[in-house]
Amino acid sequence: MNSKVAVVTGAGSGIGRAVALELVGNGWTVYMVGRRAEKLEETAQLAPDNVLHRLRADVSREEDVERVFRVVGENRGRLDLLFNNAGTFGPGNVPFEDLSYDAWRHVVDTNLNGAFLCARSAYQLMKWQDPQGGRIINNGSISAHTPRPRSAPYTATKHALTGLTKSLALDGRPYGIAVSQIDIGNAATEMTDRMRAGVLQANGEIAPEPVMDVADVARTVRHMAELPLEANMQFVTVLATGMPYVGRG
């Protein structure tokens, strides 16, 4: 009961899975959140002694999010970290003029509205718990700075997430709530498998891109999470060294 408590969204695979395992392997109590119970179970089986807590929820649904943080508050009495990670790329390689409103809304509801709902519930816990304060780390993307072709929904939400991060960091100061953003490029996960096969570049060519070990992302998140609340890494970029980001386009 004395370990620090974290909520990790999108924990059934990819970056969320890697971060959940990194935290629990270093003494954290971790509540994994995801839409698919079977994927959360797969993550839990990778942890020693099956110590990860699983909470099935859709972050775009207000009632689901409120239930998650109510469970954490009732069971642990506090929250030290929210890793706001759940997200989706949306439809791939669709020209903007052919993008459906439903597809747009799905990305916005997951990437932006979901982050807002989770941050709001985490904020409410962190503000009133004793001792006061905690940390929220939002998973941005290098698309929060520079887009890929045909990525309008994803890019728009990631730009918006930067604004949310800045606002929450400012509003959280009086309560010891530190808010930051990690912008990740080409971590090797299921979502980035296509990078190695070749993806559309700004010049119209299809080209493979290098990826990095997702464990390096997880270690970076843990470093951010374990800083004292008096210190904050406001924005961090971690990416595959050789990917076409600097000078993209």
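The values are calculated or read from the model by the stated rules, or taken from the named source; none is laboratory data. What you see is a predicted model; the values in this text were computed from it and never measured. We place every Cβ from the backbone using ideal geometry, glycine too, and count neighbours over all the protein chains shown.
Couple of notes before you dig in:
- The listed residue being in contact (Cβ under 8 Å) with a residue 40 or more places away in the chain, farther than 21 Å from Pro153 by Cβ and surrounded by fewer than 22 Cβ atoms within 10 Å (Cβ to Cβ), out of Tyr123, Tyr31: Tyr123
- Residue in segment 206-217 that is surrounded by 14 or more Cβ atoms within 10 Å (Cβ to Cβ) and of a type in the set (Asp, Glu) present: yes
- Within segment 132-150, the set of residues being at pLDDT below 95, at negative phi and more than 16 Å from the chain's Cα centre (by Cα) comprises His145, Thr146, Pro147, Arg148, Pro149.
- Segment 214-228 residues that are closer than 10 Å to Val19 by Cβ and free of Cβ contacts under 8 Å to residues at least 40 places away in the same chain, paired with ones that are surrounded by 15 or more Cβ atoms within 10 Å (Cβ to Cβ) and not hydroxyl-bearing (Ser, Thr, Tyr) (beta carbon under 6 Å, 6 or more apart): Thr220/Val238
- Selection within segment 174-192: residues that are surrounded by fewer than 19 Cβ atoms within 10 Å (Cβ to Cβ) and closer than 22 Å to Ala144 by Cβ. The member of this set that is modelled with the lowest pLDDT is Met191.
- Only one entry in Leu46, Leu40 is of a type in the set (A, V, I, L, M) and touching a helix residue (DSSP H, G or I) at 6+ places or on another chain (Cβ under 8 Å), namely Leu46.
- Residue check for Gly134: crowded, with 19+ Cβ neighbours inside 10 Å and closer than 26 Å to Ala231 by Cβ: yes
- Annotation: of all residues in segment 42-67 being β-branched (Val, Ile, Thr) and in a loop (DSSP other than H, G, I, E, B), the one that is nearest to Gly16 (Cα to Cα) is Val59.
- Positions within segment 193-205 being surrounded by 15 or more Cβ atoms within 10 Å (Cβ to Cβ) and aliphatic (A, V, I, L, M), in sequence order: Met195, Val199, Leu200
- Residues in segment 146-161 that are touching a residue at least 24 places away in the same chain (Cβ under 8 Å), in a helix (DSSP H, G or I) and surrounded by fewer than 19 Cβ atoms within 10 Å (Cβ to Cβ): Ala152, Ala156, Ala160.
- Against the numbered list (1) out of contact with any helix residue (DSSP H, G or I) (no Cβ under 7 Å at 6 or more places or on another chain); (2) assigned to a helix (DSSP H, G or I); (3) not basic (Lys, Arg), Gly204 comes up short only at (2).
- Qualifying positions in segment 163-201 - touching a helix residue (DSSP H, G or I) at 6+ places or on another chain (Cβ under 6 Å) and free of Cβ contacts under 8 Å to residues at least 40 places away in the same chain: Ala188
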